[in-house]
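Encoded as structure tokens, the structure appears first; notes follow it.
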Amino acid sequence: MRRADDGLRGRNALRGRRRPSTTTVAGKEVDATPTGSITPASDNPLDQVLAQSDHAAVLTALGASLDPQSPGLTVTWTAAGGQGRGDVKPTATARVIGDDVCRPFALAGVGVAGKFTASGLACRNKRGDWRVRELTPGKSA
């Protein structure tokens, strides 16, 4: 025979356990516990077209190509240990955005999904480090 307080004992037994986090989506409560089944989104725009191992080569080429003191050069890059290779060239003059000096560029090469083109905006901070702020992939072949 079931006692009236059995349900309470069952609920109280869970008090020491971590409950899954939940959120409301379209009026329904859903489990929001992160799992390993979905890779978190990257905050680096270069990940859209290049392997992580290729980033350093592209950033070095961007620094040489986008120098705000020059009219800009097309610079060829080849990743050491990666599969990537290609060219980067400025597409407009440099401009100041906040504390950074930024310049639009075009990128073409071979990356994680084969041949690609992309356009973007790279910015140099006060320390002289270049970072891709925006990247819009074009057609992959």
Which of the residues belonging to the stretch 120-141 are acidic (Asp, Glu) and in a loop (DSSP other than H, G, I, E, B)?
Asp129
Please state which one of Thr93, Thr117 is assigned to a loop (DSSP other than H, G, I, E, B) and in contact with a strand residue (DSSP E or B) (Cβ under 8 Å, 6 or more places away or on another chain).
Thr93
Test each condition in (1) surrounded by 16 or more Cβ atoms within 10 Å (Cβ to Cβ); (2) of a type outside the set (Asp, Glu); (3) without any contact (Cβ under 8 Å) to a residue 60 or more places away in the chain for Leu46 and report the one that comes out false.
(3)
Check on Val96, closer than 14 Å to Trp130 by Cα and surrounded by 21 or more Cβ atoms within 10 Å (Cβ to Cβ)
no
Whichever residue in the stretch 51-67 is at pLDDT 85 or above and part of a loop (DSSP other than H, G, I, E, B) and, among such residues, is nearest to Leu107 (Cα to Cα):
Leu66
If I filter the stretch 67-84 down to residues being crowded, with 16+ Cβ neighbours inside 10 Å, of a type outside the set (Phe, Trp, Tyr) and under 22 Å from the mean Cα position of the chain (by Cα), which single residue comes out as nearest to Lys126 (Cα to Cα)?
Ala79
Gly86 touching a Pro at 6+ places or on another chain (Cβ under 7 Å) and in contact (Cβ under 8 Å) with a residue 24 or more places away in the chain:
no
Output the number of the condition that Leu8 fails; it satisfies all remaining conditions of (1) among the hydrophobic types (A, V, I, L, M, F, W, C); (2) at pLDDT 65 or above; (3) surrounded by 10 or more Cβ atoms within 10 Å (Cβ to Cβ).
(2)
Filter result (in contact with a strand residue (DSSP E or B) (Cβ under 6 Å, 6 or more places away or on another chain) and either more than 18 Å from Ala118 (Cβ to Cβ) or without any contact (Cβ under 8 Å) to a residue 40 or more places away in the chain (or both)) within the stretch 51-76
Ala57, Ala61, Ala64, Pro68, Gly72, Thr74, Val75, Thr76
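The values are calculated or read from the model by the stated rules, or taken from the named source; none is laboratory data. Keep in mind it's a predicted model, so treat the numbers as computed, not measured. Please note: Cβ atoms are built from the backbone with ideal geometry, for glycine as well, and neighbour counts cover all protein chains shown.
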